[in-house]
Amino acid sequence: MKRLAIFAGYDKDNIIDDYVVYYIKELKKIADIIYIADCDMLENELTKISEYCIYLINGRHGEYDFGSYKRGYLYAKENNILQNYDYLILCNDSCYGPFFNFQEIVQNMENKNTDVWGMFNCFKDKENDEHLQSYFLSLKPKVYLSEYFYNFISNIKKENDKWEVVKKYEIGLGNLLKKENVSVASFLDSNIKENEADNNNVPFFNTTQAIKCGFPFFKITVFKELVFCKLYIHDLKTIFNLIESTYNINLIVNHLNRIIENKEIIKYLFPRFKIRTISVFSKKFINISCQYSVSGKFQIAFIFFNKLKITIDFPKSVSYIDYKYKDFNFLLKKEHI
């Protein structure tokens with residue numbers, strides 16, 4: 001199979017980190033790559049990946065990843081490249097990985113013979129329609145050479161914020177595919193969540209569970225939005241144990257040390273007490289979890305029948321241990337993992 005990947009990159013410091021170089025190297029094993037930066041990457045940074053790409057587009061456009069997808073797609077169309085491939089992959093640098101056997105995952109998904117497939121299908125909830133998440137999508141020619149897809153991608157424009165991009169373009173693409181009766185599949189979906197009451201976006205809200213199920217990526221936004229999702233030191237240890245035989249964890253640690261400017265993030269990773277979970281009768285009936293909330297208060301969560309979740313924050317705030325860790329280098333020491 002011949003695959004063309006449009007890879008969207010962004011960095012506020014105009015740097016291409018080593019984890020991105022690794023991703024692109026792995027991607028090159030299965031696809032030709034067009035790289036598009038939504039920033040003014042330095043020329044010496046672009047040389048890190050130039051040998052793995054057939055074309056590079058560099059320059060700030062402010063339209064997020066879908067704006068980069070648009071630019072790569074239009075370049076390929078205008079230069080009569082698109083029709084030479086069996087699949088068009090849309091992917092970006094918002095994830096660490098890939099872990100595990102990436103080529104095998106791609107080939108197995110292509111064997112399902114659907115028109116479109118993605119790494120994760122997020123089910124419908126009260127706020128969002130069901131959709132394939134857009135950090136890795138693969139489309140067949142009947143989709144990406146169609147008039148409706150061309151109209152969709154060529155009309156992408158700058159939005160006020162990232163959430164508008166998600167609604168209009170990520171979820172919007174999902175709705176378009178349904179309208180056009182396109183067959184879709186996903187490597188994993190919201191069925192992997194541990195409890196029915198959990199959020200459907202498992203790669204974001206329960207990264208550990210997703211990777212335990214073979215998910216080949218670790219979303220970097222987890223570290224930037226810990227107010228919304230909980231990720232603690234024991235989660236990182238578990239994740240590193242799962243991936244260290246197939247992935248260089250230095251790539252994650254080095255990147256985190258560079259991007260984490262707000263040291264307040266440390267207190268969410270290193271709470272004073274460990275999380276404790278107790279099952280009453282069995283996991284099917286009542287689960288009780290004792291932990292810290294992101295507001296810094298002690299919290300008890302009751303989960304009934306794996307569906308109904310009730311949390312109680314105790315009124316008195318609790319303090320966090322002042323850990324000696326000033327960065328993430330301690331995760332590289334084997335005795336800590």
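Taking only pairs six or more apart or across chains, which ones have beta-carbon atoms under 8 Å, a first residue in the range 142-164 that is under 27 Å from Thr221 (Cα atoms), and a second residue that is among the β-branched types (Val, Ile, Thr)?
Qualifying pairs under 8 Å: Glu159/Val165.
So for the range 130-151 (the condition being more than 17 Å from the chain's Cα centre (by Cα), under 30 Å from Ser245 (Cβ atoms) and at pLDDT 95 or above), does at least one residue qualify?
Keep residues of the range 130-151 that are more than 17 Å from the chain's Cα centre (by Cα), which gives 139-151.
Subset that is under 30 Å from Ser245 (Cβ atoms): none.
The answer is no; no qualifying residue exists.
Going by what's in this entry, would Leu74 be described as within 30 Å of Lys167 (Cα to Cα) and of a type in the set (A, V, I, L, M)?
yes
Residue check, Tyr73 against (1) closer than 22 Å to Lys193 by Cα; (2) in a helix (DSSP H, G or I), all met but one. Which one?
Tallying (1) closer than 22 Å to Lys193 by Cα; (2) in a helix (DSSP H, G or I), Tyr73 fails exactly one: (1).
Residues Phe66, Phe99: which one is surrounded by 18 or more Cβ atoms within 10 Å (Cβ to Cβ), of a type outside the set (Ser, Thr, Tyr), part of a loop (DSSP other than H, G, I, E, B) and on the phi < 0 side of the Ramachandran plot? Walk me through how you get there before you give the answer.
Numbers: Phe66 fails: part of a loop (DSSP other than H, G, I, E, B).
That would be Phe99, the only listed residue that is surrounded by 18 or more Cβ atoms within 10 Å (Cβ to Cβ), of a type outside the set (Ser, Thr, Tyr), part of a loop (DSSP other than H, G, I, E, B) and on the phi < 0 side of the Ramachandran plot.
For the range 24-74, how many residues meet the condition of being of a type in the set (Gly, Ala, Ser) and touching a helix residue (DSSP H, G or I) at 6+ places or on another chain (Cβ under 7 Å)?
0
Could you go through the range 160-178 and let me know if any residue there is within 21 Å of Ile6 (Cβ to Cβ) and in a strand (DSSP E or B).
Taking every residue of the range 160-178 in turn, none turns out to be within 21 Å of Ile6 (Cβ to Cβ) and in a strand (DSSP E or B).
Take Asn121 and decide whether it is closer than 29 Å to Leu236 by Cα and not aliphatic (A, V, I, L, M).
Yes; evaluated as a whole, the condition is true for this residue.
The values are calculated or read from the model by the stated rules, or taken from the named source; none is laboratory data. These numbers come from a predicted model, not from an experiment. When we count neighbours, we look across all protein chains shown, and the Cβ atoms used for this are built from the backbone with ideal geometry, even at glycine.
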